[in-house]
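See structure below.
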Amino acid sequence: MSIKTTTYYSPNFNINRRNINQIKFLVFHYTGMKRENEAIERLTSIQSQVSSHYFIKKNGKVLQMVPDLYIAWHAGISQWGKNKSLNKKSIGIEISNPGHRNNYINFSKQQIKSLVKLSKYLIHKYKIKKNCLLGHSDIAPDRKLDPGEKFPWKMLSKKGIGIWHNLNLIKLKSFRYKFVSNKESNLFVGKLKIFGYSNKSNIFHNSSKFNKLLVKAFQRRFRPELINGKIDHECLLILDNLLNIK
């Protein structure tokens, strides 16, 4: 199994090679810039000090900017479970998209086709577990929104890329907006930590503000139809289901 890529070198990576067994995660991003060529320029400029291993253009063409066994600078301050600074253990994939600040749009069919092929290749090569495929907002909920609610997590899960709940959508939706108690809300936040999300912000000292961002990150990933930062019974059911199939 192989993937066709074009080398487009970025100088922004750690000099020392890592061991193949250190690669445990795939982290998906959108570029968040209006113009694709500007995003490529930024990721390959030594002044920016950011990069990714792969870049998927609007037309589906895949660029490799940093070799897999070198640490690219894509995740920043991040955490998933007990793993901090995920650059060390992950491969970063940037997808060209203007993002929330610049008229966020659907990812193109060509991009998704390439993403599926690239992800399957990397999952197979590095034996990456389904629950270790993450969005930037999952590992940095207090800083990031990408790849956002338009990212097709549900569709990808059907192809063995990432996880998704297996609940009946019609029944599930009937629990949306349904009130939950303070005890249930606190349990939900605790279960988010068990699932992998960080329970501590590096930016906000106000826990209630961070918790709302945390809930939004969860919703953006697993309940993209409504992202309001409010815990309802639908959220409880989704998370419990995910913990059972994790």
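Estimated purely from DSSP H runs of n ≥ 4, each contributing -39500 (n - 2.57), the mean residue ellipticity at 222 nm for the chain is -10000 deg cm²/dmol once divided by its residues.
Normalising by the residue count of the chain, find the relative contact order in percent from Cα pairs under 8 Å and 6+ residues apart. Before the final figure, lay out the partial values.
Details: 457 pairs, mean separation 48.7, N = 246.
After rounding, I find 20 percent.
Projecting the Cα atoms of V189, S208, L172 onto the charge dipole of the range 156-208, computed from C-beta unit charges around the Cα centre, puts L172 farthest toward the positive end. Charge tally for L169 (other residues, Cβ to Cβ under 12 Å; Lys, Arg +1; Asp, Glu -1): +3. Panel order for R221, R176, R42, by other beta carbons found within 10 Å of each beta carbon, from fewest to most: R176, R42, R221. Counting neighbouring Cβ atoms within 10 Å and putting the fewest first, the residues Y197, Y54, Y104 line up as Y104, Y197, Y54. Based on alpha-carbon centroids, what's the gap between the range 156-221 and the range 75-124 in Å, whole number please? A separation of 20 Å, based on Cα centres. When the chain is treated as a Gaussian network with alpha carbon springs shorter than 10 Å, the biggest mean-square fluctuation among I194, I123, I161 belongs to I194.
Give me the number: length gained by fully extending S207 to K58, i.e. 0.36 nm times residue separation minus the C-alpha to C-alpha distance, one decimal in nm. Walk me through the numbers before you get to the answer.
On the way: separation 149, 0.36 × 149 = 53.64 nm, distance 3.82 nm.
Result: 49.8 nm gained on full extension.
So what is the relative contact order of the range 1-73, in percent, for Cα pairs below 8 Å that sit 6 or more residues apart?
Relative contact order of the range 1-73: 46 percent.
What does the net charge come to around Q111 if you take all other residues with beta carbon closer than 14 Å to its beta carbon, with K and R at +1 and D and E at -1?
Details: positive: K57, K58, K61, K109, K113, K117, K150; negative: E36, E94, D146.
Local net charge: +4.
Values in this text are rule-based calculations from the coordinates and carry no lab data. The structure presented is a predicted model; accordingly, all values stated were derived computationally and were not measured. Cβ: placed from backbone, ideal geometry, glycine included. Neighbour counts: every protein chain shown.
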